[in-house]
1. Does residue 265 qualify as being assigned by TED's automatic domain parsing to the domain that holds residue 76, touching a residue at least 60 places away in the same chain (Cβ under 8 Å) and either over 23 Å from the mean Cα position of the chain (by Cα) or within 12 Å of the ligand (Cβ to nearest atom) (or both)?
2. Pick out, from region 117-209, the strands (runs of 3 or more DSSP E) lying fully within it that include 1 or more residues that are surrounded by fewer than 17 Cβ atoms within 10 Å (Cβ to Cβ).
3. Considering region 210-261 alone, what residues qualify as being among the hydroxyl-bearing types (Ser, Thr, Tyr), surrounded by 15 or more Cβ atoms within 10 Å (Cβ to Cβ) and not in a strand (DSSP E or B)?
4. Quick one: in region 220-242, of everything that is closer than 27 Å to residue 184 by Cβ and in contact (Cβ under 8 Å) with a residue 40 or more places away in the chain, which residue is nearest to the ligand (Cβ to nearest atom)?
5. Hand me the list of strands (runs of 3 or more DSSP E) wholly inside region 30-87 holding 3 or more residues that are in contact (Cβ under 8 Å) with a residue 12 or more places away in the chain, within 21 Å of residue 128 (Cα to Cα) and of a type in the set (Lys, Arg).
6. Counting only residues that are in a loop (DSSP other than H, G, I, E, B) and within 16 Å of the ligand (Cβ to nearest atom), which one in region 1-29 is farthest from residue 163 (Cα to Cα)?
7. Considering region 124-163 alone, what residues qualify as being closer than 30 Å to residue 246 by Cα and of a type in the set (D, E, K, R)?
Amino acid sequence: MDITSICIVGGGTAGWMTAAALSFKLRNSPAKIYLVESEQIGTVGVGEATLPHIRFFNNALGIDEADFMKATNATFKLGIEFCDWGRIGDSYIHPFGDYGQPLNGVEFYHYWNKLRLNGAANRLDEYSYPIMLAEQGKFHMPHADTQKIESTFGYAYQFDSSEYAKFLRKFSETNNVTRIEGPITHSDKDETTGHISSVTLESGQSVKADLFIDCSGFRGLLIEQAYEAGYDDWSEWLPCNRAIAVPSEAITPLPPYTRATAREAGWQWRIQLQYRSGNGIV
Ligand SMILES: Cc1cc2nc3c(=O)[nH]c(=O)nc-3n(C[C@H](O)[C@H](O)[C@H](O)COP(=O)(O)OP(=O)(O)OC[C@H]3O[C@@H](n4cnc5c(N)ncnc54)[C@H](O)[C@@H]3O)c2cc1C
């Protein structure tokens, strides 16, 4: 069966990322894409820290990095600093990059361990270019020449995820995604296939499509409520069960990394955007 219409349920980060990707990749196909979201229900909208893979996503959509960073108040991120996790006063940066390089087919850490046993090794961090940049509060684009040490890292961003959703909404609407506002009250299934065939909004409007993608967040409107796919509760293995997010003034100069600090109860994050610091305790 040819898919000629797609309905994305939900307009948080997941919904608008899906809409942006599909509308771009299917831009030369006649498929119609709808996205239903409800301002009344709202989004989570607090994510600020990302991993380098987000760049592959943006690049695949031809998104201009400068436009994206300006729209989302983004900063560059070279890694994550972990403070006080082993013992109070400990700190290390987990970099998005390499430590040294293999020599004669032997991994770098063997050489470093040998040097350490001989009392001649520097801090492991000093063999990581992105850690050295991060510690000095510096950033530059990785060098294109992979023989150069300045090429031995990747990077991510710290950004305002609500602004990212807005940015992707604009991108998607330019690529002909139709946004439909309002809470969905129920979904209907095709009697023969058992697949969802339409969703109906509080207003009475019904949206039919060949394919539905559930991006409704915690609610799992289609996956859980309609299909009862099953929810695995992991809370017995998760020692943290709540988070409080509090923004504060931006730090200058901007640290190009996220910080995660262990606390007596839970842990704390600090994520630097251009105009504010995102903080929270879990
Ligand atoms: C405190 C905290 C900090 C976090 N930090 C990070 C971070 O640093 N980095 C990171 O990557 N992630 C982070 N996350 C996770 C991230 O925020 C979420 O995974 C993400 O926002 C979820 O997006 P979503 O689009 O799946 O869901 P949501 O944002 O919940 O969006 C759901 C959408 O579905 C719509 N919807 C739901 N029900 C209906 C209905 N009946 N009718 C119509 N529309 C409906 C809503 O209107 C909304 O548009 C954090 C989360 C929390 C709680």
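1. no
2. 177-181, 184-189, 196-201, 206-208
3. If the condition is that a residue be among the hydroxyl-bearing types (Ser, Thr, Tyr), surrounded by 15 or more Cβ atoms within 10 Å (Cβ to Cβ) and not in a strand (DSSP E or B), then 216, 227, 257 are the ones that fit.
4. 221
5. none
6. Going through the qualifying residues, I end up with 10.
7. 135, 138, 160, 163 - these are the residues of region 124-163 that are closer than 30 Å to residue 246 by Cα and of a type in the set (D, E, K, R).
Here's the yes/no breakdown for (1) closer than 27 Å to residue 250 by Cα; (2) surrounded by fewer than 16 Cβ atoms within 10 Å (Cβ to Cβ); (3) modelled with pLDDT of 95 or more:
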position	(1), (2), (3)
9	no, no, yes
15	no, no, yes
20	no, no, yes
38	no, no, yes
44	yes, yes, no
62	no, yes, yes
68	yes, no, yes
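The values are calculated or read from the model by the stated rules, or taken from the named source; none is laboratory data. Quick caveat, the model's predicted, so the values are computed rather than measured. Glycine also receives a Cβ, built like all others from the backbone with ideal geometry; neighbour counts cover every protein chain displayed.
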